Every structure is written in structure tokens, then in C-alpha cells.
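To start, the structure itself, in C-alpha cells.
The values are calculated or read from the model by the stated rules, or taken from the named source; none is laboratory data. Predicted model only: the values in this text are computed from it and were never measured. As a convention, Cβ positions derive from the backbone with ideal geometry for all residues, glycine included, and neighbour counts pool all protein chains shown. Each accessible area value is taken on the protein alone, full model and side chains, heavy atoms only, with ligands, DNA and RNA left out. Shrake-Rupley method; radii C 1.70, N 1.55, O 1.52, S 1.80 Å.
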Amino acid sequence: MSITVWRRLLALRLEIIVLLIVGLAALAKDINEAPLVDWDEATYAEVVHEAIASHSYLDFTWNGQPYLKKPPLLFWSMMASMKTLGEHEWTARLPSVLFGVGTMLLMYLAAAAVAGRIAGLCAGLLPLGFYFFIARGGRECATDAPLVFFSMLAIYALTRARDNRRWIVLTGAACGLAILSKGLAGFIPLATAAISLLWLPAFAEAGISSVVMLLGVAAVVAAPWFFHQALSNMPLFWSTFVKQETLARIASHLEDQQKAPDYTLLTFGGEISHLWPLLLPLAGLAVASLRRDVVKLIRELPPAIAIWSLWFVLALGAACAVQTKLGWYILPSLIPVALLGGVVLGAAIMRDDASRRYCMPLGLAALAFILVQAPGQSKLIEQVFQNQRDSSRPSYILGMEARARAAYSGGDTLYFGGVPLPALVYYSGLPCYFLSRVSPELEATGLDPNTVNVGYHDLVMRDPDGSTVTVGNFDEIWNSDGPPLERAPVADQGAGPATAEP
């Protein structure tokens, strides 16, 4: 092998290879394992399945009914995966895995530009200690994965825009794609970028024209799909996407059980609690800074630190302000925490002045503590994640039993006495009517000439001749195959009129 090749190998950033290997190992673990999880994974897979079957790539359906709860970007990426590689669990999840690994690589680049390669490696790996990053940011097919990736891309491009204004175009495009990923949540990186361009001294020369460019590019990328839906599906778009999925979540509690006002902060604290060792190098850096003029030190801080801090404040503030309290809403705020944590570790370990004698040991000690905790943290994440997947096994088993019976008898319609179970719809491959009122016996009338009697949590199939047969009962399957958890999150315990929801 020539000397030139050896030099090129030595020049490779091996930490990037480490990030790729570790990221793929963590996020692609059991990627082909069934079932797709209720509700989001199975819902999105069914939306994509119906879109591919009907060749409708702008207007989506779920269970045969119009679906306008989420923007399209995740669906488009899943369509590309499934149409190219076939329809499987792993092809449904593959785009999210790639988004998650891509987020880790962007974090490496962002932190390495501020405090060196060690800081970049630490920043890229720290998210693997967050449950919500593992579950929602990469392993499950969820809208959070592209949201976090394009948010990180926007913030990284913004830090580069200080030297070259052309990066603002990429910042705006990434913000537009973040909006296409998860709607209103995608405005967080856009607001971060706009405020930074107007407020940070590092962008003083950018001027208002840069903000106009940023907003214009984001609008060009994101607006067409929203305009299409507003014009072609106006009543449903406004009642579902705008009112129910956006405004109602901001103004009211839509979760199954109302959470306390401090739920978001407690959840955030639980997610970052394992990072307590970072206080050690942070204290060392603080002591080192006491010997310098504080005002001058603040002015000398890299602009990226201010941008990440602003991003964190906006993301966590938005999660706290929204009245609907869902744990994964804190995910965007965890990314700047990991970036800042990586920089603290890297800056302490690579300190090159007199403070090196205590900053470096504190940094190495913090890194050692985090590494020692990592197996336990990973085990805890895996347990929670597996319970989440196991909770969808009963509806998966029901769906597969319905598919097998339909292949034998020619059954064409399902009726279920309970709330909608997306895994049941996806794996059965049949239209299903859900009756959500709790009662000894439910009746689906007005759907066809025959009245169908459905017991609570029973799945009933109608054959072409009009006869019906009970496929199975959700509770019985849960008792034999479900996880040892309360059934409240998946069982319908509410009251109200019995309505058929196809």
C-alpha cells in the first residue's frame, strides 16, 4: 500500500466511523421486529400503504378515510423506502433510522467546529442516552425523526452562514422541511434562525435582507403542500390539521389522562439526569473563567453557543407552553443540551492553558462516569421501548388472525368494540369499523343492510354472504401475550355515544 494511501487513512476522522457504527447499532436494533407500534408507527405505515395502493401522494387516507393529521414529509420518505425495497417493518422504519444517524453526524460537525473532534464525538453520542431520541428520534417511524434532523441541519447551516451568506438558503430550506415534518414544531428552528440573524452581533452584517431570504426560502419549501390542502380539502384541513391537531393541542389537554403543569419539566429532568457528571468539567471551566474578564469572555464565546442556547430556550419553552403534555415534546430541546454537553467535555479535556491541570481530569472523570452509567441507561431504555412495542402485540395478533380468516372465508369487513387500533387495521389489510362506547353489547347500524352485534373488545368479521363471526377478543389476547402493564393506554375506558368510526 502506498504512503499516500496510508496518509489518507490516517487523515480519516475515525470518530465519524464510530458514530455511524454506534448510531446504526442503537437505532436500527430489531428494525424488522413486528409489530409496528400503536398508534403512530402502524398509523403512518397504513397511510403510506394506502397512498401507494391508490397512487395518491398529496392527499392521504387512513382506513379508507381522509387523513390530514400530519404533514407529508415522513410519509414521502416512507413511500420512497417501501416502493424501492418492498413493504416490510424495516422499510417503514428505515427513513427514521437514517434521519436519526444523520442528526448525530450533524451534531458532530457542529460541536467539532466549536471545540474540536472530541467535543464533536461526545455531542454525537450523548443523544443515545435519551429515551425519546432512541424511540422517537430514530428507531420508530415517527414525525419527530425528520423534525429533529432538519432542525439540526437548519441550526448547523446557520452557524456556517456567518462566513458565507449562501448558507442562509440551506437554513431556510431546512426550516421549511422541518415544518413539512411536524407542522408548528418546525417553526422553532425558523424562529431561532430569525432571532439570531436580528439579535446576535456575529450576524450584524447580515441585515434584514438575510431574514427576508430565510423566511422566503422556508415559505417556498413548505407553503405549497399547505396551500394545496387548504384549497382542495378546506373543511377537513381546517377542522383536523389546524383546529384539532394544532390549536387544540396548544390550548387544551388532549392526552388520555391530564398531566400536571410541571409534567414537561419533570420529564425533561428525568431525561437529562444521567448527565449530572457534566457539572464537574463545567465547574472547572467556570473556575478557569474567573481569572478572566467576564464581559470579555462572554463576547469571545463562539456564536454557536448562543444559537444553541436560544434554540434550547425556545424548544423547551414551547413544550411547556403547549397544554397537551406528551413526553416526546421535549425531544427538540434535548439536542442543544447534547451539543452544549459535548462542548463542555471537549473544552475541558483539550484545555491548553494553566487550567488544564484540573479541567482535563474533571473532564475525563465526567466522561468515565457517563460511560459507566451507559450500560444501565441503555438497558432501561430498551426495557421501556420493548414494553411499548409489546403493548401493540394484541392488536397485531388480532390483525393477523383476521387476515388469515379472510383469506380462508373471503371476509371483507371488520368491526371492533373499542377505540381505533391502527396495528389491527394495518396487519388485517381490511377496512375496520370501531365502536368506542363501553357497553356489554355494541351495535354498528346504518353501515350496511345487516346489523352487526359487537361485544366489548371483540373483533367481528363480516363475510360476503352477510354472516358474521367473532375473530377474537382483545382482552383475552392481552392476558396471554400483552406486557405486564396497565391496559388503560390501549383500552377504551371512556363513555359517550356508540359511534362507528371507520
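Numbers below:
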item: Angle in degrees between helix 40-54 and the longest Cα principal axis of the chain, rounded to the nearest 10; result: 70 degrees
item: Table column - 3J(HN,Hα) (Hz), segment 366-376, Karplus curve with 6.51, -1.76, 1.60, x for Gly and Pro; result: 4, 4, 5, 4, 5, 5, 5, 6, 4, x, x
item: Ellipsoid semi-axes in whole angstrom, largest first, where each is sqrt(5λ) of the Cα gyration tensor of segment 171-246; result: 29, 12, 9
item: Within-11-Å neighbourhood charge of LEU147 [Cβ basis; K, R +1; D, E -1]; result: +2
item: Kirkwood hydrodynamic radius (C-alpha pairs) into Stokes-Einstein, segment 54-198, 20 °C and 1.002 mPa s, D in µm²/s; result: 133 µm²/s
item: Segment 17-88: GluC sites (Glu not before Pro) in DSSP coil with no more than 15 other Cβ atoms inside 10 Å; result: GLU33, GLU87
item: FRET E, pair LEU279, SER56, Förster distance 60 Å, beta-carbon r, rounded to 0.05; result: 0.70
item: Computed FRET value (nearest 0.05) for LYS379 with VAL18, which takes r as the C-beta separation and R₀ as 25 Å; result: 0.75
item: Summed side-chain charge close to LEU364 - residues other than LEU364 whose Cβ falls under 14 Å, Lys, Arg +1, Asp, Glu -1; result: +3
item: Farthest positive-ward along the chain dipole, Cα basis, beta-carbon charges - from TRP39, VAL344, GLY317; result: VAL344
item: Protection proxy ranking, peptides 336-344, 396-404, 270-278, 198-206, average beta carbon neighbours within 10 Å, highest first; result: 336-344, 396-404, 270-278, 198-206
item: Surface accessible to a 1.4 Å probe, SER309 within the full protein complex, Å²; result: 50 Å²
item: Surface per residue (accessible, 1.4 Å probe) for the chain, Å²; result: 45 Å²
item: Length-normalised contact order of the chain in % [C-alpha pairs under 8 Å, at least 6 apart]; result: 15 percent
item: FRET efficiency for LEU247 and ALA354, using Cβ-Cβ distance with R0 set to 45 Å, rounded to 0.05; result: 0.20
item: Segments 256-269, 104-117 sorted - mean Cβ within 10 Å per residue, highest first; result: 104-117, 256-269
item: Apportionment of accessible area to carbon and sulfur, the chain, percent (1.4 Å); result: 64 percent
item: Separation in nanometres of the label points that stand 7 Å from Cα toward Cβ, at GLU476 and ALA321; result: 5.1 nm
item: Other-chain or far-sequence residues with amide H under 5 Å of GLY472's (modelled H); result: LEU459
item: Peptides ranked, highest mean first, by Cβ atoms within 10 Å: ranges 141-147, 464-470; result: 141-147, 464-470
item: Residues whose placed amide H lies under 5 Å from that of VAL452, excluding near-sequence neighbours; result: ALA444
item: DSSP-defined antiparallel bridges as percent of all bridges, the chain, nearest 5; result: 85 percent
item: For THR324, residues with placed amide H under 5 Å, excluding near neighbours; result: SER252, LEU254
item: Mean residue ellipticity (222 nm) of the chain, computed from DSSP H runs ≥ 4 via -39,500 (n - 2.57), nearest 500; result: -19500 deg cm²/dmol
item: Positive minus negative residues near ALA80 (Lys, Arg vs Asp, Glu; Cβ under 14 Å); result: +1
